[in-house]
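Colleague: Supplied in structure tokens, the structure appears directly below.
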Amino acid sequence: MMLNVHDVSYQYGEKAVLQNITFTVEQGQFFGILGPNGSGKTTLLKLLSRELSLQKGTITLNAVPLASFSSKELARLVAVLPQSADSAFGYTVKETVELGRYAHQTGLFPTWTEEDEQAVAEALEQVGMAHKEQETIDRLSGGERQRVYLARALAQKPSLLFLDEPTNHMDIAQQIKLLDQLKKWTEENQLTVVAIFHDMNLASLYCDRLLLLHEGKMAGLGEPSDMIEEKQLETVFQASVRRQAHPVVSKPLLTFVPQTYSDTRQQNDSLSALTIAQDGEQIVITTPQPFKVLSSAVVGAGFQWATHFVNRHVPKHYRCDDPETEMKQYLQSHSFAVHRTIGMMTAVYLEDAVWIKSSEEEVPLFVMVTAGVGNAVDAAKAWEKRETAEGIGTINVFIFIDGQLNETAFVQAMMTTTEAKVKALYDAHVLDPETHTLATGTSTDCIAIASSQTGRLFEYAGTATPLGKAIGRFVYEATTEALRKYKKRRGDGK
């Protein structure tokens with residue numbers, strides 16, 4: 001069922017509600033309509049479902065004008081779930097869903113068929129309400145009623161389904177289950193769905209294409225990856241947003257930034273408030289408020305917010321099939337909140353850790369490094385090596401920055417840190433013990449870049465920038481000194 005909307009406009013009295021709306025929905029597509037309150041979403045859906053009459057433009061179904069269908073013909077093709085359906089109080093769930101079969105009844109005295117019964121049963125099963133088919137509507141929660149009304153629409157066996165906020169009144173589990181099912185129907189049965197969404201992330205996850213409305217006009221039309229753009233959405237919704245990639249599927253996600261948060265992100269000398277606790281078992285750095293972190297740590301890898309940074313000493317011959325789980329158990333046993341903690345391991349002596357704090361006000365920076373190179377490896381030759389390495393290893397680098405970093409700066413900071421570490425290894429003439437070539441690191445190195453996200457914005461952290469230069473300098477100096485301590489201790493036979 002192809003839906004074509006061309007140059008549609010509508011007004012209430014003198015007020016223009018929709019202006020020159022044009023789009024096409026292909027058969028089997030899940031099409032979403034987004035926009036703030038008052039943007040014309042519901043009016044558009046009422047025009048599509050013929051609840052309102054066209055004033056200007058054309059709407060066709062499979063090239064046939066919408067107005068040319070009789071009510072019953074249209075009901076066999078199109079089902080509608082409005083934002084608030086009329087409550088059929090006194091009706092049971094099953095009786096309410098049976099109303100959806102009206103369009104398929106024929107004759108002066110229509111009879112209920114096996115096909116009708118099966119359609120009702122399938123619709124109830126699809127929305128997860130079969131177990132309550134004898135309950136009366138007035139005894140259901142708002143979310144359950146919404147599912148019953150959707151079942152009534154599905155019982156029509158439509159080719160085209162219009163939904164106005166289909167997950168209204170549902171909890172998140174119900175929303176995901178329902179939208180998963182709707183998406184499955186579009187793919188398996190070529191059902192065409194046009195739905196109004198308020199939740200942009202749900203629209204991004206489930207819709208093939210999106211129409212963005214703003215003050216009755218088209219602000220955008222396309223795939224979610226093209227439509228979910230920060231500046232465009234900030235203009236339409238008048239709110240600060242940030243776009244990021246979904247961690248599992250190739251769809252964009254949005255997060256809203258509260259204005260109160262934006263107003264308080266001022267410089268507050270977060271590095272002076274760091275606390276450091278050290279013993280032979282662990283070094284713990286605690287920040288006064290959560291820092292945003294990009295890390296390759298055993299626990300807390302990727303992006304997250306953290307308040308505790310743990311560098312844990314493990315025995316020289318530590319072996320574990322699942323180091324992440326074991327490290328989480330260790331952190332929990334020491335009363336650390338795992339989801340607010342960055343956890344690394346090292347077999348070197350923690351008292352040989354090196355700390356450097358930048359004295360330059362332009363780039364407030366604090367670096368800690370522990371280094372051992374028993375597992376030194378030349379990354380370019382690693383493919384030639386045995387699967388397991390012996391000996392003390394791991395260079396752990398923690399960098400704390402008092403400033404705001406965007407994702408570009410975080411990634412570049414990682415690169416600059418790695419380059420500085422490699423240069424320190426090169427100057428110390430550390431060799432890969434198997435290939436006898438210069439080492440670039442160890443097989444278990446970890447880096448954490450932590451930013452207070454307050455004060456000055458650093459958009460880049462490459463070696464041509466002030467931040468990159470500071471990172472390169474202090475990581476190199478700290479790694480060089482940590483390697484010197486490591487070599488000295490090893491030379492002492494300790």
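Colleague: How many residues, within the range 117-166, are among the small types (Gly, Ala, Ser), assigned to a helix (DSSP H, G or I) and more than 16 Å from Asn189 (Cβ to Cβ)? Working first, answer last.
Modeller: First pass over the range 117-166, keeping only residues among the small types (Gly, Ala, Ser): 119, 121, 123, 128, 130, 141-143, 151, 153, 155, 159.
Restricting the remaining residues to those that are assigned to a helix (DSSP H, G or I) gives 119, 121, 123, 130, 142-143, 151, 153, 155.
Retained after the next criterion (residues that are more than 16 Å from Asn189 (Cβ to Cβ)): 121, 130, 142-143.
The total comes to 4.
Colleague: Return the residues of the range 432-457 that are without any contact (Cβ under 8 Å) to a residue 60 or more places away in the chain, more than 19 Å from Ala347 (Cα to Cα) and surrounded by 15 or more Cβ atoms within 10 Å (Cβ to Cβ); say none if nothing qualifies.
Modeller: Correct list: Glu434, Thr435.
Colleague: Same structure, new question: From (1) modelled with pLDDT of 95 or more; (2) over 20 Å from Ile447 (Cβ atoms); (3) not in a loop (DSSP other than H, G, I, E, B), pick out the condition that doesn't hold for Ser335.
Modeller: The single condition Ser335 does not satisfy is (3).
Colleague: Of all residues in the range 249-270 being small (Gly, Ala, Ser) and modelled with pLDDT of 75 or more, which is farthest from the chain's Cα centre (by Cα)?
Modeller: Ser270
Colleague: Find all pairs meeting these conditions: Cβ atoms under 8 angstrom apart; at least six residues apart or on different chains; first residue within the range 383-403 and assigned by TED's automatic domain parsing to the domain that holds Gly468 and over 22 Å from Thr480 (Cα atoms); second residue assigned to a helix (DSSP H, G or I) and modelled with pLDDT of 70 or more.
Modeller: Asp402/Ser270; Asp402/Leu271; Gly403/Leu467
Colleague: Mind listing whichever residues of the range 84-107 are at negative phi and at pLDDT below 70? Break it down into steps so the answer makes sense when it comes.
Modeller: Filtering the range 84-107 down to residues at negative phi leaves 84-89, 91-106.
Across the range 84-107, the qualifying residues are Ser84, Ala85, Asp86, Ser87, Ala88, Phe89, Thr106.
Colleague: Go through (1) of a type outside the set (D, E, K, R); (2) within 21 Å of Ala203 (Cα to Cα); (3) in contact with a helix residue (DSSP H, G or I) (Cβ under 6 Å, 6 or more places away or on another chain) and name the single condition Leu52 misses.
Modeller: (2)
Colleague: Please give the number of the condition Thr307 fails out of (1) assigned to a strand (DSSP E or B); (2) among the hydroxyl-bearing types (Ser, Thr, Tyr); (3) over 26 Å from Gln412 (Cα atoms).
Modeller: All conditions pass for Thr307, except number (3).
Colleague: Next question, about the same structure. Is it the case that Gly32 is among the small types (Gly, Ala, Ser) and in contact with a strand residue (DSSP E or B) (Cβ under 8 Å, 6 or more places away or on another chain)? Quick ask: steps written out before the conclusion?
Modeller: Values: among the small types (Gly, Ala, Ser): yes; in contact with a strand residue (DSSP E or B) (Cβ under 8 Å, 6 or more places away or on another chain): yes.
For Gly32, the condition - among the small types (Gly, Ala, Ser) and in contact with a strand residue (DSSP E or B) (Cβ under 8 Å, 6 or more places away or on another chain) - is met.
Colleague: Whether any residue in the range 344-363 is aromatic (Phe, Trp, Tyr), at pLDDT 95 or above and surrounded by 20 or more Cβ atoms within 10 Å (Cβ to Cβ) is what I want to check. Steps first, answer last, please.
Modeller: Just the residues of the range 344-363 that are aromatic (Phe, Trp, Tyr), to begin with: 349, 355.
Restricting the remaining residues to those that are at pLDDT 95 or above gives 355.
With the extra rule that they be surrounded by 20 or more Cβ atoms within 10 Å (Cβ to Cβ), the set shrinks to none.
Looking for residues that are aromatic (Phe, Trp, Tyr), at pLDDT 95 or above and surrounded by 20 or more Cβ atoms within 10 Å (Cβ to Cβ), one finds none in the range 344-363, hence no.
Colleague: Ala273 versus (1) modelled with pLDDT under 95; (2) farther than 30 Å from Thr416 by Cα: which is the lone unmet condition?
Modeller: So Ala273 meets the others, but not (2).
Colleague: Using the structure shown, decide if Leu221 is free of Cβ contacts under 8 Å to residues at least 60 places away in the same chain and farther than 20 Å from Asp180 by Cβ.
Modeller: Values: free of Cβ contacts under 8 Å to residues at least 60 places away in the same chain: no; farther than 20 Å from Asp180 by Cβ: yes.
The answer is no for Leu221.
Colleague: Still on this structure, I have one more. With of a type outside the set (A, V, I, L, M, F, W, C), outside any loop (DSSP other than H, G, I, E, B) and at pLDDT below 95 as the only criterion, which of Arg490, Arg484 stands out?
Modeller: Result: Arg490 is the single residue among Arg490, Arg484 that is of a type outside the set (A, V, I, L, M, F, W, C), outside any loop (DSSP other than H, G, I, E, B) and at pLDDT below 95.
Colleague: For the condition part of a helix (DSSP H, G or I) and touching a Ser or Thr at 6+ places or on another chain (Cβ under 8 Å), what is the one hit in Ala448, Ala478, Ala380, Ala461?
Modeller: Ala380
Colleague: Phe309 fails exactly one of the following numbered conditions: (1) aromatic (Phe, Trp, Tyr); (2) within 15 Å of Ile399 (Cα to Cα); (3) surrounded by fewer than 20 Cβ atoms within 10 Å (Cβ to Cβ). What is the number of that condition?
Modeller: Single failed check for Phe309: (3).
Colleague: Kindly indicate which of Pro288, Pro315, Pro252 is exposed (fewer than 15 other Cβ atoms within 10 Å of the Cβ) and either without any contact (Cβ under 8 Å) to a residue 60 or more places away in the chain or of a type in the set (Val, Ile, Thr) (or both).
Modeller: Going through Pro288, Pro315, Pro252 in turn, the sole match is Pro315.
Colleague: Let me ask something additional. Test of understanding: among Gly222, Gly280, which residue is farther than 23 Å from Asp402 by Cα, exposed (fewer than 15 other Cβ atoms within 10 Å of the Cβ) and not assigned by TED's automatic domain parsing to the domain that holds Gln126?
Modeller: When all the criteria are applied, what remains is Gly280.
The values are calculated or read from the model by the stated rules, or taken from the named source; none is laboratory data. The structure presented is a predicted model; accordingly, all values stated were derived computationally and were not measured. Note that we place each Cβ from the backbone using ideal geometry, even for glycine, and neighbour counts take in every protein chain shown.
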